[in-house]
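Everything on this sheet refers to the single structure shown next.
The values are calculated or read from the model by the stated rules, or taken from the named source; none is laboratory data. If you're wondering where the values come from, they're calculated on a predicted model, not measured in any experiment. Every residue, glycine as well, gets a Cβ built from its backbone with ideal geometry; the counts of neighbours run over all protein chains shown. Remember, those area values only see protein heavy atoms, side chains included, never the ligands or the DNA or RNA. Shrake-Rupley method; radii C 1.70, N 1.55, O 1.52, S 1.80 Å.
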Amino acid sequence: MTFISEPSGATVTTPRKYACASTPCTLDVDRSDAFDATFTLPGYRPETVPVRTTVATRGAVGMAGNVLSGGLIGVGVDAYTGAALDHEPNPVVARLTPLGPARVPAPTRRRGPGPASPGA
């Protein structure tokens, strides 16, 4: 699986012990593992992206083939090993938000005489 952050250079950690020190990175992940990937980068809010498993289109076709050919054992093996699963999303992308308020430029001040006051 590929992990990408905007800006790049974030650390990725998961409760499943998958981790990388700096994005972009690629990790070998078991197909049956669902987890949350947390991206951290100094100066930015942490971002957590849920990664879930879904039945892959090719996995569903293979599973149907196992059933039609009487291979219920094959269906069980595919389900157990995760061969019929893919991760969603892949790649995992996090758009990190800077900490603190956005900087607004200071208002410009006019120089020179202002409007004449009434009665002056």
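Within the stretch 35-44, can you find the residues that are touching a Pro at 6+ places or on another chain (Cβ under 8 Å) and over 11 Å from VAL92 (Cα atoms)?
Once the filter is applied, which keeps residues that are touching a Pro at 6+ places or on another chain (Cβ under 8 Å) and over 11 Å from VAL92 (Cα atoms), the stretch 35-44 yields PHE35, THR40, LEU41, GLY43, TYR44.
Tell me which residues, restricted to the stretch 20-32, are open to solvent by less than 80 Å² (accessible area, probe 1.4 Å) and touching a Cys at 6+ places or on another chain (Cβ under 9 Å).
Selection gives LEU27 alone.
What residue, among those in the stretch 7-43 that are among the hydroxyl-bearing types (Ser, Thr, Tyr) and in a loop (DSSP other than H, G, I, E, B), is nearest to LEU85 (Cα to Cα)?
SER32
With respect to ARG45, determine if the residue is at pLDDT below 95 and of a type in the set (Lys, Arg).
For ARG45, the condition - at pLDDT below 95 and of a type in the set (Lys, Arg) - is not met.
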